[in-house]
Amino acid sequence: MTNSLTTAADAPDTTTEAATTRALKLVLEYAGLGFELEEGGAAGDCRLRLTPSAAHPWTRGDVRAHLLTEGIAVEVARGEQPLPGPGHELLLLLPSDAEVRSLGRLFEARLTEAQNAALQLHRALAYIGVERHVDIQTTGDRALIDIGMLDTDAATQLYRGLGGDEAVLRGLDLADWHDHERFARELERVISATGQVPLVESVPTCGHCQGRYGGNRIRLDYLDPDEALLLADALLRVAAPADPA
(Lines give C-alpha, C1' and ligand atoms only; values in the text may rest on other atoms or scores of the structure.)
Protein backbone atom coordinates (compact mmCIF):
# COMPACT_ATOMS: atom_id res chain seq x y z
CA MET A 1 0.00 0.00 0.00
CA THR A 2 1.30 3.44 -0.86
CA ASN A 3 1.31 6.32 1.59
CA SER A 4 -1.11 8.95 0.36
CA LEU A 5 -3.45 11.71 1.44
CA THR A 6 -6.56 12.48 -0.62
CA THR A 7 -8.42 15.69 0.15
CA ALA A 8 -12.11 16.22 -0.40
CA ALA A 9 -11.61 19.61 -2.05
CA ASP A 10 -9.17 20.92 -4.63
CA ALA A 11 -8.77 24.32 -2.98
CA PRO A 12 -6.12 24.68 -0.26
CA ASP A 13 -7.58 24.05 3.20
CA THR A 14 -6.09 25.91 6.14
CA THR A 15 -8.58 24.74 8.77
CA THR A 16 -7.52 23.17 12.04
CA GLU A 17 -9.03 19.87 10.89
CA ALA A 18 -6.89 19.78 7.76
CA ALA A 19 -3.77 20.58 9.80
CA THR A 20 -4.59 17.76 12.22
CA THR A 21 -5.03 15.31 9.36
CA ARG A 22 -1.69 16.36 7.88
CA ALA A 23 -0.08 15.87 11.30
CA LEU A 24 -1.43 12.31 11.47
CA LYS A 25 -0.15 11.63 7.95
CA LEU A 26 3.31 12.81 8.99
CA VAL A 27 3.40 10.52 12.03
CA LEU A 28 2.28 7.55 9.95
CA GLU A 29 4.99 8.26 7.38
CA TYR A 30 7.72 8.32 10.01
CA ALA A 31 6.28 5.18 11.60
CA GLY A 32 6.96 3.46 8.28
CA LEU A 33 3.38 2.23 7.93
CA GLY A 34 1.51 1.48 4.73
CA PHE A 35 -1.61 3.63 4.67
CA GLU A 36 -4.07 5.73 2.73
CA LEU A 37 -5.67 8.67 4.50
CA GLU A 38 -8.76 10.24 2.97
CA GLU A 39 -10.47 13.33 4.33
CA GLY A 40 -14.27 13.00 4.52
CA GLY A 41 -16.95 15.48 3.64
CA ALA A 42 -17.82 16.50 7.21
CA ALA A 43 -15.52 18.74 9.22
CA GLY A 44 -12.81 16.75 10.94
CA ASP A 45 -13.74 13.24 9.79
CA CYS A 46 -11.50 11.00 7.72
CA ARG A 47 -10.94 7.39 6.73
CA LEU A 48 -7.66 5.59 7.30
CA ARG A 49 -6.72 2.43 5.43
CA LEU A 50 -3.88 0.83 7.32
CA THR A 51 -1.62 -2.19 6.90
CA PRO A 52 -1.24 -4.06 10.23
CA SER A 53 2.28 -3.85 11.65
CA ALA A 54 4.30 -5.98 14.06
CA ALA A 55 5.66 -2.73 15.50
CA HIS A 56 2.10 -1.88 16.56
CA PRO A 57 0.67 -5.22 17.79
CA TRP A 58 -2.77 -3.76 18.49
CA THR A 59 -3.29 -3.41 14.73
CA ARG A 60 -3.43 -7.23 14.53
CA GLY A 61 -5.81 -7.93 17.40
CA ASP A 62 -9.16 -6.53 18.51
CA VAL A 63 -8.44 -3.07 17.15
CA ARG A 64 -11.68 -1.39 18.19
CA ALA A 65 -11.44 -2.70 21.77
CA HIS A 66 -7.84 -1.58 22.13
CA LEU A 67 -8.59 1.88 20.81
CA LEU A 68 -11.50 2.19 23.22
CA THR A 69 -9.11 1.53 26.13
CA GLU A 70 -7.11 4.47 24.80
CA GLY A 71 -10.24 6.63 24.75
CA ILE A 72 -10.51 6.54 20.95
CA ALA A 73 -13.96 5.60 19.65
CA VAL A 74 -13.80 4.65 15.96
CA GLU A 75 -15.48 2.25 13.60
CA VAL A 76 -13.17 -0.52 12.38
CA ALA A 77 -13.56 -2.77 9.35
CA ARG A 78 -11.20 -5.31 7.81
CA GLY A 79 -10.49 -5.90 4.14
CA GLU A 80 -11.91 -9.08 2.64
CA GLN A 81 -8.64 -10.19 1.07
CA PRO A 82 -5.77 -11.15 3.42
CA LEU A 83 -2.49 -9.30 2.99
CA PRO A 84 0.81 -11.11 2.25
CA GLY A 85 1.69 -10.76 5.97
CA PRO A 86 -0.55 -11.72 8.89
CA GLY A 87 -3.94 -10.05 9.04
CA HIS A 88 -6.17 -8.03 6.74
CA GLU A 89 -6.05 -4.39 5.75
CA LEU A 90 -7.80 -2.20 8.30
CA LEU A 91 -10.26 0.60 7.60
CA LEU A 92 -10.64 3.05 10.47
CA LEU A 93 -13.43 5.61 10.30
CA LEU A 94 -12.39 8.63 12.38
CA PRO A 95 -15.50 10.73 13.05
CA SER A 96 -13.91 13.95 14.28
CA ASP A 97 -10.75 15.96 14.73
CA ALA A 98 -10.44 14.65 18.32
CA GLU A 99 -10.06 11.01 17.18
CA VAL A 100 -7.58 11.99 14.45
CA ARG A 101 -5.44 13.80 17.02
CA SER A 102 -5.67 10.96 19.57
CA LEU A 103 -4.70 8.33 17.00
CA GLY A 104 -1.72 10.44 15.99
CA ARG A 105 -0.58 10.59 19.63
CA LEU A 106 -0.99 6.81 19.95
CA PHE A 107 1.23 6.11 16.94
CA GLU A 108 3.75 8.78 17.91
CA ALA A 109 4.16 7.30 21.41
CA ARG A 110 5.28 4.03 19.82
CA LEU A 111 7.87 5.40 17.38
CA THR A 112 11.40 4.09 17.67
CA GLU A 113 14.09 6.44 18.96
CA ALA A 114 15.30 7.17 15.43
CA GLN A 115 11.78 7.61 14.01
CA ASN A 116 10.90 10.06 16.77
CA ALA A 117 14.12 12.04 16.28
CA ALA A 118 13.52 12.26 12.52
CA LEU A 119 9.93 13.38 13.08
CA GLN A 120 10.88 16.07 15.60
CA LEU A 121 13.63 17.39 13.31
CA HIS A 122 11.19 17.43 10.37
CA ARG A 123 8.79 19.55 12.45
CA ALA A 124 11.53 21.91 13.60
CA LEU A 125 12.82 22.41 10.06
CA ALA A 126 9.27 23.08 8.84
CA TYR A 127 8.91 25.64 11.64
CA ILE A 128 11.73 27.71 10.12
CA GLY A 129 10.42 27.20 6.58
CA VAL A 130 12.55 24.27 5.42
CA GLU A 131 10.17 21.60 4.12
CA ARG A 132 11.86 18.24 3.67
CA HIS A 133 11.56 14.60 4.65
CA VAL A 134 14.29 13.62 7.11
CA ASP A 135 15.68 10.19 6.27
CA ILE A 136 16.86 7.41 8.56
CA GLN A 137 19.99 5.58 7.45
CA THR A 138 21.01 2.27 9.02
CA THR A 139 24.74 1.69 9.47
CA GLY A 140 25.40 -1.69 11.05
CA ASP A 141 23.19 -1.75 14.12
CA ARG A 142 22.95 2.06 14.32
CA ALA A 143 20.07 4.14 13.00
CA LEU A 144 21.30 7.61 11.98
CA ILE A 145 19.43 10.74 10.93
CA ASP A 146 20.11 12.17 7.47
CA ILE A 147 18.92 15.71 6.72
CA GLY A 148 20.12 15.39 3.14
CA MET A 149 21.60 18.03 0.86
CA LEU A 150 20.61 21.65 1.48
CA ASP A 151 20.40 24.18 -1.32
CA THR A 152 21.37 27.79 -0.69
CA ASP A 153 17.91 28.88 0.46
CA ALA A 154 17.48 25.98 2.88
CA ALA A 155 21.02 26.33 4.24
CA THR A 156 20.61 30.06 4.91
CA GLN A 157 17.23 29.43 6.58
CA LEU A 158 18.90 26.85 8.82
CA TYR A 159 21.69 29.33 9.63
CA ARG A 160 19.18 32.06 10.50
CA GLY A 161 17.03 29.60 12.42
CA LEU A 162 19.99 28.87 14.69
CA GLY A 163 20.63 32.56 15.33
CA GLY A 164 23.38 33.05 12.77
CA ASP A 165 24.73 36.55 12.18
CA GLU A 166 22.99 38.35 9.31
CA ALA A 167 26.05 40.56 8.85
CA VAL A 168 28.08 37.45 8.01
CA LEU A 169 25.55 36.45 5.34
CA ARG A 170 25.55 39.93 3.83
CA GLY A 171 29.32 39.75 3.51
CA LEU A 172 29.30 36.48 1.55
CA ASP A 173 28.55 35.70 -2.07
CA LEU A 174 27.21 32.15 -1.78
CA ALA A 175 27.56 31.64 -5.52
CA ASP A 176 31.33 31.97 -5.04
CA TRP A 177 32.98 28.66 -4.09
CA HIS A 178 35.39 30.20 -1.57
CA ASP A 179 32.68 32.24 0.13
CA HIS A 180 30.44 29.18 0.21
CA GLU A 181 33.17 27.24 1.99
CA ARG A 182 33.41 30.04 4.56
CA PHE A 183 29.63 29.87 4.95
CA ALA A 184 29.89 26.12 5.64
CA ARG A 185 32.35 26.85 8.46
CA GLU A 186 30.00 29.51 9.88
CA LEU A 187 27.07 27.09 9.74
CA GLU A 188 29.19 24.44 11.44
CA ARG A 189 29.99 26.95 14.18
CA VAL A 190 26.35 27.83 14.94
CA ILE A 191 25.33 24.16 14.91
CA SER A 192 28.20 23.40 17.31
CA ALA A 193 26.69 25.91 19.73
CA THR A 194 23.76 23.49 20.15
CA GLY A 195 26.08 20.98 21.82
CA GLN A 196 27.17 18.88 18.85
CA VAL A 197 29.95 19.11 16.30
CA PRO A 198 28.79 17.57 13.00
CA LEU A 199 30.78 17.84 9.82
CA VAL A 200 29.32 20.51 7.52
CA GLU A 201 30.58 20.21 3.96
CA SER A 202 30.38 22.71 1.13
CA VAL A 203 29.46 20.96 -2.13
CA PRO A 204 30.33 23.29 -5.03
CA THR A 205 28.19 23.17 -8.16
CA CYS A 206 29.80 24.00 -11.48
CA GLY A 207 28.27 26.65 -13.71
CA HIS A 208 26.95 24.00 -16.10
CA CYS A 209 24.89 22.37 -13.29
CA GLN A 210 23.66 25.55 -11.59
CA GLY A 211 20.23 25.34 -13.22
CA ARG A 212 19.76 21.72 -12.19
CA TYR A 213 20.88 21.99 -8.55
CA GLY A 214 20.18 25.63 -7.76
CA GLY A 215 23.69 26.69 -6.83
CA ASN A 216 26.23 25.45 -4.33
CA ARG A 217 24.90 23.09 -1.69
CA ILE A 218 25.56 22.07 1.91
CA ARG A 219 25.82 18.51 3.17
CA LEU A 220 25.54 17.75 6.89
CA ASP A 221 27.05 14.62 8.36
CA TYR A 222 24.65 12.02 9.73
CA LEU A 223 23.34 12.72 13.23
CA ASP A 224 22.56 10.20 15.91
CA PRO A 225 19.04 10.50 17.36
CA ASP A 226 20.17 12.52 20.40
CA GLU A 227 22.02 15.00 18.18
CA ALA A 228 18.98 15.35 15.92
CA LEU A 229 16.79 16.11 18.95
CA LEU A 230 19.30 18.71 20.17
CA LEU A 231 19.23 20.40 16.77
CA ALA A 232 15.41 20.31 16.66
CA ASP A 233 15.19 21.79 20.16
CA ALA A 234 17.65 24.56 19.26
CA LEU A 235 15.69 25.49 16.13
CA LEU A 236 12.40 25.71 18.03
CA ARG A 237 13.97 27.61 20.92
CA VAL A 238 15.95 30.17 18.89
CA ALA A 239 13.22 30.76 16.30
CA ALA A 240 10.39 31.04 18.84
CA PRO A 241 8.90 34.55 19.19
CA ALA A 242 10.18 36.46 22.20
CA ASP A 243 7.80 36.78 25.13
CA PRO A 244 6.31 40.28 25.36
CA ALA A 245 7.81 42.39 28.11
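The values are calculated or read from the model by the stated rules, or taken from the named source; none is laboratory data. Being a predicted model, the structure only gives us computed values, none of them experimental. Cβ: placed from backbone, ideal geometry, glycine included. Neighbour counts: every protein chain shown. The area values use the complete protein model at the heavy-atom level, side chains included, leaving out ligands, DNA and RNA. Shrake-Rupley method; radii C 1.70, N 1.55, O 1.52, S 1.80 Å.
Spread over its residues, the convex hull of the C-alpha atoms of the range 95-199 is 136 Å³ per residue.
Near ARG217, the amide H atoms lying under 5 Å from its own belong to VAL203, THR205; only residues 5 or more places off or on other chains count, and H is placed 1.01 Å from N. Given +1 at the Cβ of Lys and Arg, -1 at the Cβ of Asp and Glu and no other charges, the dipole of the range 68-173 around its Cα centre is 200 debye to the nearest 20. The protection proxy used here, the mean number of other Cβ atoms lying within 10 Å of each residue, ranks peptides 126-138, 216-228, 156-168 as follows, highest first: 216-228, 156-168, 126-138.
Expressed as a whole percent, the accessible area of the range 20-161 that falls on carbon and sulfur atoms is 48 (1.4 Å probe).
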